[in-house]
Amino acid sequence: MMRKTARELASEMKEISFSEFIAANPHLVGFESSLKMIPMSIHELVTNSLDACEAAGILPEIWVDLKAIDGKGRLKRYRLTVRDNGPGIPPKNVPPVFGKLLYGSKFGARKQSRGQQGIGVSAVVLISQIKTGEHTIVKSSTDGRTAHVYELTMDVNRNAARIHRTYKEKAEGWRGVEARVVLEAQFTARIREYLELTAAINPHLALHYDGVDEKDRLEVERRTDALPPQPVETKPHPLGIDYDLLSKMAARTGHKRLYDFLKGEFDRMRPETARKVIKSCHFDVDKHPSSLSRQEVLELVEAMRNVEVPPPSPECLSPVGEEVLVKGVIGRLRPEFIEAVTRKPCAMRGQPFLVEAIIAYGCEVDIGGSPDPVTGVSIHRFVNRVPLLFSESSDVIIKAARDAGLGRYEITPESRSHLFVHIAGVNIPYTSESKEAIKPVDEYYDEVKLAIQECGRKVSKRIRQARKAEESFMKGRKRALIHSLLLREINRFAGKKVADEAYAEAFGFEGLLEEVVAKFGLDVLRLRRSSKSVEEVEDAATAA
């Protein structure tokens with residue numbers, strides 16, 4: 001074996017762009033499977049449209065068009081077009097939004113958002129380019145008069161957009177963004193499942209889907225005109241602080257004293273809390289925060305983590321809300337009844353989150369694929385108003401649902417129930433950059449399990465109430481039958497109509513007489529004898 005020198009080995013080293021890295025490892029952003037290609041692409045484009053509309057205060061309306069172009073064995077080429085009615089993107093920003101990875105406005109923001117890293121739509125452009133060689137077409141109109149059209153791909157070496165053609169056309173009153181990509185993929189029913197669940201968790205959305213054929217279409221009307229409240233970015237919470245963040249904040253702060261720095265730059269840092277932190281520090285606390293040494297910053301981090309602080313402010317979260325959740329689900333599933341629970345905000349490493357859960361019991365219609373093989377219940381997962389379709393086995397919601405003991409609440413496979421769990425949070429601990437599942441961290445597991453169990457208790461109570469009402473009704477019906485027989489015999493032996501409606505009312509069953517007559521053909525208050533014998537009527541009542 002030939003030996004190499006350190007210089008020879010060093011000469012083989014090279015730097016690659018992030019685009020090259022993702023191009024070589026598409027599985028890191030969720031594009032490792034031909035079955036996931038279309039659902040993931042729709043997810044990224046629809047998510048961007050929803051975010052843009054909500055940020056601009058516009059009720060979103062989204063059109064999704066999917067058509068097969070040609071077939072190659074088990075794979076086909078599909079043209080996917082997603083169009084919205086949002087504010088549009090200024091022309092100079094279109095190329096970097098669609099042709100540059102890690103370009104966006106949400107990275108590091110301490111508030112709830114669907115996207116975070118600025119990878120999604122540009123990853124769709126990159127994967128389309130790698131698999132098909134086709135250019136992406138993007139149209140954007142911000143004024144309703146002119147639409148700027150870009151035909152582009154991504155230059156992976158420079159992590160930048162390569163514009164092949166650009167021109168203008170009349171917008172004819174339309175504002176928004178339209179993106180068209182060509183994908184090599186397998187068709188899957190999860191495409192429609194994703195769209196149905198997106199509409200369910202976003203009832204303020206009007207959605208139009210035109211699929212591969214006439215049968216593959218979906219029209220969902222907007223069920224509320226109320227936009228979700230926009231989350232407000234909050235300051236860093238003391239429990240989530242680390243050395244890097246604290247040193248950067250100390251270097252750029254305008255506060256001259258450590259006490260003012262703590263009280264003014266951090267969430268929930270009350271005066272008494274700031275004094276406790278300072279008391280735990282063994283350095284000169286009167287010095288300017290920017291002059292703290294590395295060791296002093298580390299000591300301050302430790303002091304902040306050990307102090308008792310209230311949970312982070314919930315203003316940075318935008319939960320769906322029980323009423324809106326129910327409104328989004330009940331129309332699609334038509335359940336016998338539905339129960340919802342919203343937990344109070346909690347924190348994981350200083351980052352706030354909350355859990356919402358609803359159980360739709362006795363559904364006439366189903367959404368999505370097969371029920372969970374362990375619980376027998378259809379489980380639907382959402383994070384920040386976005387459905388999660390893949391990597392179920394590694395997700396904290398699935399684990400918590402299986403451990404919640406749904407059977408104890410009579411939520412069984414026979415009940416045809418659907419469980420919806422929505423997590424609203426900041427810096428969600430996903431298992432990967434593809435954001436397909438949440439890590440089973442203790443704080444999330446506990447809150448999801450408690451939400452499901454609380455919802456289960458509500459469902460169990462409703463089941464008992466319904467059963468009790470049914471039993472009470474059956475008892476009343478049997479009592480009415482017995483007394484009807486008695487009244488008939490009283491009239492027959494008296495030879496005249498002694499027992500009438502007032503007599504029946506005194507017995508407390510007059511409301512059931514019509515049912516007795518209709519169901520059993522029993523002549524209750526008349527003198528002539530019924531054609532049916534008492535034994536026949538009793539047998540019929542027992543059978544009923």
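The values are calculated or read from the model by the stated rules, or taken from the named source; none is laboratory data. Model, not experiment: these values are computed from the prediction. Here Cβ is always computed from backbone atoms with ideal geometry, including for glycine, and neighbour counts include all displayed protein chains. Side chains are part of the model used for accessible areas, which takes the heavy atoms of the whole protein and leaves out ligands, DNA and RNA. Shrake-Rupley method; radii C 1.70, N 1.55, O 1.52, S 1.80 Å.
What to note about this one:
- Some residue of the stretch 367-379 being part of a strand (DSSP E or B), touching a strand residue (DSSP E or B) at 6+ places or on another chain (Cβ under 9 Å), within 14 Å of VAL421 (Cα to Cα) and not basic (Lys, Arg): yes
- Subset of the stretch 352-407 that is under 17 Å from VAL441 (Cα atoms) and β-branched (Val, Ile, Thr) - its residue that is modelled with the lowest pLDDT: VAL383
- Each residue in the stretch 165-187 was checked for being surrounded by fewer than 16 Cβ atoms within 10 Å (Cβ to Cβ), of a type in the set (D, E, K, R) and assigned to a loop (DSSP other than H, G, I, E, B), and 1 of them qualify.
- Residue satisfying condition, being acidic (Asp, Glu) and either under 24 Å from GLY240 (Cα atoms) or modelled with pLDDT of 90 or more (or both), within set GLU410, GLU414, GLU433: GLU433
- Taken together, PRO310, PRO271, PRO335, PRO289 contain a single residue that is modelled with pLDDT under 85 and either in contact with a Cys (Cβ under 7 Å, 6 or more places away or on another chain) or not basic (Lys, Arg) (or both), which is PRO310.
- Qualifying residue in the stretch 296-308 (condition: among the polar types (S, T, N, Q), assigned to a helix (DSSP H, G or I) and touching a helix residue (DSSP H, G or I) at 6+ places or on another chain (Cβ under 9 Å)): yes
- Test: LYS439 is open to solvent by less than 80 Å² (accessible area, probe 1.4 Å) and modelled with pLDDT of 85 or more: no
- The stretch 4-90 holds helices (runs of 4 or more DSSP H) entirely within its bounds, and those carrying 2 or more residues that are in contact with a Lys or Arg (Cβ under 9 Å, 6 or more places away or on another chain) and at pLDDT 85 or above map to 37-55.
- Check on GLY254, outside any loop (DSSP other than H, G, I, E, B) and not hydroxyl-bearing (Ser, Thr, Tyr): no
- Only listed residue being within 30 Å of ILE69 (Cβ to Cβ), of a type in the set (Val, Ile, Thr) and open to solvent by less than 30 Å² (accessible area, probe 1.4 Å), chosen from ILE191, ILE201, ILE241: ILE191
- Test result for GLU364, without any contact (Cβ under 8 Å) to a residue 60 or more places away in the chain and either surrounded by 17 or more Cβ atoms within 10 Å (Cβ to Cβ) or assigned to a loop (DSSP other than H, G, I, E, B) (or both): yes
- Among the conditions (1) modelled with pLDDT under 85; (2) out of contact with any helix residue (DSSP H, G or I) (no Cβ under 8 Å at 6 or more places or on another chain); (3) farther than 30 Å from LYS235 by Cβ, ASN427 misses just one, which is (3).
- Within the stretch 241-257, the set of residues being more than 16 Å from VAL285 (Cα to Cα), touching a helix residue (DSSP H, G or I) at 6+ places or on another chain (Cβ under 9 Å) and charged (D, E, K, R) comprises ASP242, ARG252.
- Residues of the stretch 403-430 satisfying the condition of being in a helix (DSSP H, G or I) and either of a type in the set (A, V, I, L, M) or surrounded by fewer than 17 Cβ atoms within 10 Å (Cβ to Cβ) (or both): ASP403, LEU406, GLY407, ARG408, PRO413, GLU414
- In a residue-by-residue description of the stretch 221-231, the property of being part of a strand (DSSP E or B), touching a Lys or Arg at 6+ places or on another chain (Cβ under 8 Å) and under 30 Å from VAL324 (Cβ atoms) applies to no position.
- Matching residues in the stretch 311-338 - criterion: being open to solvent by less than 30 Å² (accessible area, probe 1.4 Å) and not hydroxyl-bearing (Ser, Thr, Tyr): PRO312, CYS316, LEU317, VAL320, GLY321, LEU325, GLY328, VAL329, LEU333, PRO335, PHE337, ILE338
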